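The next block holds one structure in the form of C-alpha cells; read it before the comments.
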Amino acid sequence: MRLDKLLAHCGVGSRKEMKQLIRKGHIQVNGEIIKKDDYQVDEIKDIILLDNEEIQYRRFVYLMLNKPQGYISATMDQVHPTVIDLIEGYEHYELFPVGRLDIDTVGLLLLTNDGQLAHHILSPKKHISKIYYAKIDARVDETDIAVFKQGINLGDFTALPANLKIVSANDEESEVEIEIFEGKFHQVKRMFEAVGKTVTYLKRIKMKQLILDPQLEEGQYRELTNDELENLMKIDVK
Ligand code: URA
C-alpha cells in the first residue's frame, strides 16, 4: 500500500495532509526517513513512525451507534441525513450500517467497514437474534405471545417464531420486548399490524450478544470493546 494512503487509513489526517507530512520528513519506515508519498509499505510488517511515535495500522473499525429518529440507515440519501452524518473522525474508513433501522426507529446500530462481518450478521440463514423494546397502542396479551410464538403469516412471508415479553400493559398502551430472528422490512411493525395493533415507538436494544450501551445518548457512538467484537464474530452453529 502507498505510504500516504496507509497513514490516512490510520486516522492521522487526510491524504493531502499526509503527503505534506511525508515531504517534510516527519515519517520513518523501518528507521529510515521516507519523503516519497507513493513509497510502498507492508502494513503488517513495516514499522512506521510519525515524529518517532509508532503508527498502528487498523483495517477495520466497529462502532456501536445509538441511532436517533430522523436518520436513514444508509451511507447516502437525497432527502434525509444518514447515520454516517453522525460520525466524526472516521471518514477515511468508509463505514456503512450493518442492516437497517427505519427512519423513526432508534437504538442499536452497528457501523463498520468489515464486509465479511456484515455479511455474517445479515445472512438470512444465520437467524441472528435481535431484541427490540416497543410501545404499542393497545393491550398486548397472552394471545399475542402465542401468535408470535407460532410464526405469524404476513402475506408475502411467514415470520419465524418470535419471543414476545410483556413489560407492562393496559387498554391504552403496552410496553413489550420482542426477539426476532430475521430482519425483513418493517418486520416488527408488520407483526403487530397483523394482530390489529400499532407500534408507536421502537428501539433496538440487542443484536446477537451485543447490548446497546446505556451510557450512549441518542446520536452518540463508541467503538466496540474486544470482548464485544469477539462475541459478534463467533459463528453460531444452529
Ligand atoms: N422492525 C421494524 O418494523 N422496524 C425497524 O426499524 C426494525 C425492525
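Which of the residues that make up region 183-198 are near the ligand (Cβ under 6 Å from one of its atoms) and polar (S, T, N, Q)?
Of all residues in region 183-198, those near the ligand (Cβ under 6 Å from one of its atoms) come to 186-189.
187, the sole residue that qualifies.
Let's see how each residue does on (1) away from the ligand (no atom under 13 Å from the Cβ); (2) of a type outside the set (S, T, N, Q):
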{"residue": "130", "(1), (2)": "no, yes"}
{"residue": "133", "(1), (2)": "no, yes"}
{"residue": "138", "(1), (2)": "yes, yes"}
{"residue": "141", "(1), (2)": "yes, yes"}
{"residue": "151", "(1), (2)": "yes, yes"}
{"residue": "164", "(1), (2)": "yes, yes"}
{"residue": "167", "(1), (2)": "yes, yes"}
{"residue": "170", "(1), (2)": "yes, no"}
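Residue-by-condition table, conditions (1) of a type in the set (A, V, I, L, M); (2) out of contact with any His (no Cβ under 9 Å at 6 or more places or on another chain); (3) free of Cβ contacts under 8 Å to residues at least 60 places away in the same chain; (4) more than 22 Å from residue 135 (Cβ to Cβ):
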{"site": "200", "(1), (2), (3), (4)": "no, yes, no, no"}
{"site": "203", "(1), (2), (3), (4)": "no, yes, no, no"}
{"site": "209", "(1), (2), (3), (4)": "no, yes, yes, yes"}
{"site": "215", "(1), (2), (3), (4)": "no, yes, yes, yes"}
{"site": "223", "(1), (2), (3), (4)": "no, yes, no, yes"}
{"site": "226", "(1), (2), (3), (4)": "no, yes, yes, yes"}
{"site": "231", "(1), (2), (3), (4)": "no, yes, yes, yes"}
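Of everything in region 102-128 that's acidic (Asp, Glu) and within 14 Å of the ligand (Cβ to nearest atom), which residue is farthest from residue 76 (Cα to Cα)?
Result: 104.
Would you mention how many residues in region 43-70 are farther than 15 Å from residue 8 by Cβ, charged (D, E, K, R) and surrounded by 15 or more Cβ atoms within 10 Å (Cβ to Cβ)? Give the steps one after another, and end with the answer.
Narrowing region 43-70 to residues farther than 15 Å from residue 8 by Cβ: 44-47, 49, 51-54, 60, 62-70.
The next check asks that each one be charged (D, E, K, R); those that pass are 45-46, 51, 53-54, 67.
Next, only the ones that are surrounded by 15 or more Cβ atoms within 10 Å (Cβ to Cβ) stay: 46, 67.
Within region 43-70, residues that are farther than 15 Å from residue 8 by Cβ, charged (D, E, K, R) and surrounded by 15 or more Cβ atoms within 10 Å (Cβ to Cβ) number 2.
Which of the residues spanning region 14-42 are surrounded by 16 or more Cβ atoms within 10 Å (Cβ to Cβ) and within 22 Å of residue 61 (Cα to Cα)?
Scanning region 14-42 gives 18, 41.
Taking into account only those residues within region 125-157 that are out of contact with any Pro (no Cβ under 8 Å at 6 or more places or on another chain) and of a type in the set (S, T, N, Q), which is surrounded by the fewest Cβ atoms within 10 Å (Cβ to Cβ)?
We begin by selecting, within region 125-157, every residue out of contact with any Pro (no Cβ under 8 Å at 6 or more places or on another chain); these are 125-147, 152-157.
Next, from what is left, pick out any that are of a type in the set (S, T, N, Q): 129, 143, 153.
Details: 129: 14, 143: 9, 153: 11.
Once the filter is applied, the top-ranked residue is 143.
May I ask you to say which residue of 160, 122 is out of contact with any helix residue (DSSP H, G or I) (no Cβ under 9 Å at 6 or more places or on another chain), at pLDDT below 95 and open to solvent by 40 Å² or more (accessible area, probe 1.4 Å)? First the steps, then the outcome.
On the way: 160 fails: at pLDDT below 95.
From the options 160, 122, the qualifying one is 122.
Restricting attention to region 42-71, report how many residues are out of contact with any strand residue (DSSP E or B) (no Cβ under 8 Å at 6 or more places or on another chain) and of a type in the set (A, V, I, L, M).
Going through region 42-71, the residues out of contact with any strand residue (DSSP E or B) (no Cβ under 8 Å at 6 or more places or on another chain) turn out to be 42-45, 51, 53, 56, 58-59, 70.
Those still in the list that are of a type in the set (A, V, I, L, M) too: 44.
Matching residues across region 42-71 total 1.
Take the residues in region 71-101 that are open to solvent by 30 Å² or more (accessible area, probe 1.4 Å) and within 16 Å of the ligand (Cβ to nearest atom); name whichever of them is nearest to residue 227 (Cα to Cα). Spell out how you get there, then give the answer.
At the first step, the residues of region 71-101 found to be open to solvent by 30 Å² or more (accessible area, probe 1.4 Å) are 71-72, 75-81, 84-86, 88-92, 94, 96, 100.
After this cut, where a residue has to be within 16 Å of the ligand (Cβ to nearest atom) as well, the list is 71-72, 77, 80, 100.
Numbers: 71: 28, 72: 28, 77: 33, 80: 34, 100: 24 Å.
The residue in question is 100.
Hey, residue 217 hits all of (1) open to solvent by 40 Å² or more (accessible area, probe 1.4 Å); (2) assigned to a strand (DSSP E or B); (3) of a type outside the set (S, T, N, Q) but one; which does it fall short on?
It fails just one condition, (2).
So, in region 172-182, of the ones that are among the acidic types (Asp, Glu) and part of a loop (DSSP other than H, G, I, E, B), which residue ends up farthest from the ligand (Cβ to nearest atom)?
Here is the first cut: in region 172-182, the residues among the acidic types (Asp, Glu) are 172-173, 175, 177, 179, 182.
With part of a loop (DSSP other than H, G, I, E, B) added as a condition, the list becomes 172-173, 182.
Details: 172: 21, 173: 18, 182: 10 Å.
Residue satisfying both the conditions and the ranking: 172.
Where the second residue is within 12 Å of the ligand (Cβ to nearest atom) and hydroxyl-bearing (Ser, Thr, Tyr) and the first is within 20 Å of residue 137 (Cβ to Cβ) and in contact (Cβ under 8 Å) with a residue 24 or more places away in the chain and lies in region 175-191, which pairs have Cβ atoms under 6 Å and are six or more apart or on separate chains?
177/133; 178/132; 188/132
The values are calculated or read from the model by the stated rules, or taken from the named source; none is laboratory data. Remember, predicted model here, so these are calculated numbers, not experimental data. Cβ: placed from backbone, ideal geometry, glycine included. Neighbour counts: every protein chain shown. Note: areas computed on protein heavy atoms with side chains; ligands, DNA, RNA excluded. Shrake-Rupley method; radii C 1.70, N 1.55, O 1.52, S 1.80 Å.
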